[in-house]
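The values are calculated or read from the model by the stated rules, or taken from the named source; none is laboratory data. Quick caveat: nothing in here was measured; it's all calculated off a predicted structure. Neighbour counts are summed over all protein chains in view; Cβ atoms, including those assigned to glycine, are modelled from backbone coordinates with ideal geometry.
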Amino acid sequence: MQLPTSQEIVEDLAFFDDWEQRYQFIIDLGKQIPGLSDEAKTPDKIVKGCQSSVWLDYTLQDGRYQFDVDSDAVIVQGLLVLVLSAYHDKTAQEILSFDMDAYFKELDLEGHITPTRGNGLRAIVGKIRQIASAA
């Protein structure tokens, strides 16, 4: 899966004048990832703490994590791309050293999503960091 980098996301979102356009861009990003098959959406892959259903799967190849995600909400699917742009195809050390709070602040994201969506994003970030910590 080819994803934009976190820096590309920051630059692309800065291009838009208002949050209506940014939301549409985020939704369009989410439509570009394949998601998971119904068979892969097993209970052990559900990320707890998200308002919408979110599934997270991963593999480790040559010391780099490959993440696959899916959600039943289109905006969440796009928000997942924002997270994956920072973590996909990275080593455990790169994942654990990435400052997600600073990234979200640079995107001005948390001021424009609901608190429950923000909690869900933190749950996803926490789950990925937990996976990387276990390495």
(request) State whether one or more residues within segment 50-57 are loosely packed, with under 12 Cβ neighbours inside 10 Å and in contact with an Asp or Glu (Cβ under 9 Å, 6 or more places away or on another chain). (result) no
(message) Can you tell me how many residues within segment 21-58 are in a loop (DSSP other than H, G, I, E, B) and touching a Phe, Trp or Tyr at 6+ places or on another chain (Cβ under 9 Å)?
(response) 5
(message) Under 8 Å between Cβ atoms, which residue pairs at least 6 apart in sequence (or on different chains) link something in segment 80-97 that is farther than 10 Å from Ile128 by Cβ and of a type in the set (Ser, Thr, Tyr) with a partner that is at pLDDT below 95 and not in a helix (DSSP H, G or I)?
(response) Ser85/Leu3; Ser85/Pro4; Ser85/Thr5
(message) Could you check segment 1-42 and list, in sequence order, the residues that are of a type in the set (Gly, Ala, Ser) and surrounded by 11 or more Cβ atoms within 10 Å (Cβ to Cβ)?
(response) Ser6, Ala14, Gly30, Gly35, Ala40
(request) Return the only residue of Leu82, Leu107 being surrounded by 20 or more Cβ atoms within 10 Å (Cβ to Cβ) and within 21 Å of Asp18 (Cα to Cα). (result) Leu82
(message) Take Ala123 and tell me if it is more than 15 Å from the chain's Cα centre (by Cα), among the hydrophobic types (A, V, I, L, M, F, W, C) and over 20 Å from Asp12 (Cβ atoms).
(response) no
(request) Of all residues in segment 3-44, count the ones that are among the basic types (Lys, Arg) and within 16 Å of Leu84 (Cα to Cα). (result) 1
(message) Need the failing condition index for Asp68 against (1) part of a loop (DSSP other than H, G, I, E, B); (2) among the acidic types (Asp, Glu); (3) touching a strand residue (DSSP E or B) at 6+ places or on another chain (Cβ under 9 Å), just the number.
(response) (1)
(message) Quick check on this structure: which one of Ile95, Ile131 is crowded, with 20+ Cβ neighbours inside 10 Å, of a type in the set (Val, Ile, Thr) and more than 12 Å from the chain's Cα centre (by Cα)?
(response) Ile95
(request) Kindly list the number of the only condition in (1) over 15 Å from Thr5 (Cβ atoms); (2) over 14 Å from the mean Cα position of the chain (by Cα); (3) part of a helix (DSSP H, G or I) that fails for Gly111. (result) (3)
(message) Take the conditions under 18 Å from Ala132 (Cβ atoms) and surrounded by fewer than 20 Cβ atoms within 10 Å (Cβ to Cβ) and apply them to Lys45. Does it pass?
(response) yes
(message) Please go through segment 114-135 and give me each residue that is part of a loop (DSSP other than H, G, I, E, B) and either within 19 Å of Ser6 (Cα to Cα) or of a type in the set (Val, Ile, Thr) (or both), ordered by number.
(response) Thr114
